[in-house]
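The values are calculated or read from the model by the stated rules, or taken from the named source; none is laboratory data. In this text, all values refer to a predicted model and were calculated from it rather than measured experimentally. FYI the Cβ positions are ideal-geometry reconstructions off the backbone, even for glycines, and counts take in every protein chain you see. The protein model used for the area step is the full one, side chains on, heavy atoms only, and it has no ligands, DNA or RNA in it. Shrake-Rupley method; radii C 1.70, N 1.55, O 1.52, S 1.80 Å.
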Amino acid sequence: MTILRSLLFVPGNRANMLQKALSFSPDVFVPDLEDSVPTDEKANARAVTASFLAKLSDTGSLVIPRVNSLDTGLLEQDLAAIITPKIYGLSIGKVQTVQEIAKICGLIEPLEQKAGLAAGRLKLIPWIESAKAIVNAYEICSSSKRIIAIAFGAEDFTNDMGIERTDDDSEIAYARSAVCIAARAADVVALDTPYFGFRDTDGLQRDANTANKQGFKGKFAIHPAQIDIINAAFSPSPQEIEHAKDVLAAFEAAEHQGRGTTSLNGKVIDVPVVKRARAILQMADRVANQLSLKR
Ligand code: COA
Ligand code: MG
């Protein structure tokens, strides 16, 4: 499974910000052609983004631009501009049904072939950001092998619901959880909505930790200062790694004595606890491998 902890949005029409982005190292760059670009800048954004794809990809981070939704009439031109071997895939705004995914895949196929890419090589990350999308999330996740993750968009979701965004996030708790469960059921990764208070590092840390506890595996960033905090929230901490090692050692010692359960510091160690410890160590290995590949 690809590591997608931090995904940095960069407005696709802003050459200076795309240039600046090259000096950072998120897991994924997301040059945006959608809602951070004003309508009369859409064509410019395609051209500017296209001219940066090779440079972004050469940094070793994945490049997964965000394109406009099917109903905007902008998607065909977006895809034509950005489908090249330099992108890992596409993130697509405001997906609501499996029928849309089928149409989007139908548009991608000939362009992928024209770019000399193997069929199915380009991955997809649909944005789940309306009531209808939440209800259809599992079907959407399961509708194409291209889909590796789904992204939850809180601002569009609360707009669609006609409800206010508040600081305690209680209004999005169900939707966030529904996205995580649907993603897990379909064996894809859930990615969390960006945190807009880009100067509030404590707030971001709390928010990312909440998302991690709920089952998200990564989160979008809107500012480079958010990357490290997000990476840390979605990576096992040194304490978690040490504890996981202790759990495995205690369990193996118990197994040698013919026992299937034991305890550590007053807590039961049984099969699910051991599975979780192994998962933490695997994730720690994947993070370490990813870092060494980038160097
Ligand atoms: N990607 C690349 N560079 C970025 C950046 C981003 N997402 N956000 C900020 N920067 C750059 C700035 O251009 C500035 O560069 P400089 O020092 O060369 O001038 C530097 O980082 C510091 O930025 P700062 O002054 O702290 O913030 P700002 O006021 O310039 O920008 C935002 C704040 C919110 C406007 C900006 O971060 C942004 O546009 N983010 C993306 C929003 C987005 O994509 N939304 C769509 C998804 S919801
Ligand atoms: Mg949105």
Calculated log₁₀ intensity ratio I(q)/I(0) where the Debye formula runs over C-alpha points of region 122-170, q = 0.13, 0.15, 0.16, 0.32 Å⁻¹ = -0.34, -0.44, -0.49, -1.17
Give, in nm to one decimal, the length gained when the segment between Ala279 and Val135 is fully stretched (0.36 nm per residue of separation minus the Cα-Cα distance).
-> 48.9 nm
With every protein chain present, what is the per residue accessible area of the chain (1.4 Å probe, Å²)?
-> 49 Å²
Lys103 to Asp270: FRET efficiency via 1/(1 + (r/R0)^6), r the Cβ-Cβ distance, R0 51 Å, to the nearest 0.05?
-> 0.60
Normalise the Debye intensity by I(0) for region 6-233, one equal point scatterer per Cα, no solvent, then take log10 at q = 0.15 Å⁻¹ and round to two decimals.
-> -0.98
C-alpha center-to-center spacing [region 1-66, region 119-152] in angstrom = 20 Å
Charges only on Cβ, +1 for Lys and Arg, -1 for Asp and Glu: so what's the dipole of region 238-294 about the Cα centre, in debye to the nearest 20?
-> 200 debye
At a Förster radius of 25 Å, what calculated FRET efficiency corresponds to the Cβ-Cβ distance of Glu155 and Thr59, to the nearest 0.05?
-> 0.35
Between Arg286 and Thr72, 0.36 nm times their residue separation minus their Cα-Cα distance comes to what?
-> 73.2 nm
Given the options Gln99, Gln257, Gln214, state which has the largest fluctuation in a GNM of the chain using a 10 Å cut-off (strictly under) for Cα springs.
-> Gln257
What FRET efficiency comes out for the pair His243/Asn16, r = Cβ-Cβ distance, R0 = 51 Å, nearest 0.05?
-> 0.70
Could you work out how far apart the two model spin labels at Gln205 and Ser142 are, taking each label as a point 7 Å from the Cα in the direction of the beta carbon, and quote it in nm?
-> 4.1 nm
Region 56-137: C-alpha pair distances exceeding 18 Å, % | 40 percent
Would you mind computing the Rg to Rh ratio of region 238-294 from its alpha-carbon coordinates, Kirkwood style for Rh?
-> 1.08
Determine the calculated [θ] at 222 nm for the chain from helices alone, applying -39500 (n - 2.57) to every DSSP H run no shorter than 4 residues and normalising by the residue count; nearest 500 deg cm²/dmol.
-> -15500 deg cm²/dmol
Can you give the three extents of the C-alpha atoms in region 36-78 along their principal axes, from longest to shortest, in whole Å?
-> 33, 18, 17
Would you mind giving the three semi-axes, in whole Å and largest first, of the ellipsoid equivalent to region 1-116 according to its Cα gyration tensor?
-> 21, 16, 14
Projected onto the charge dipole of region 238-294 (+1 at Lys/Arg Cβ, -1 at Asp/Glu Cβ, origin at the Cα centre), which of Phe251, Ala284, Leu264 gives the Cα projection farthest towards the positive end?
-> Ala284
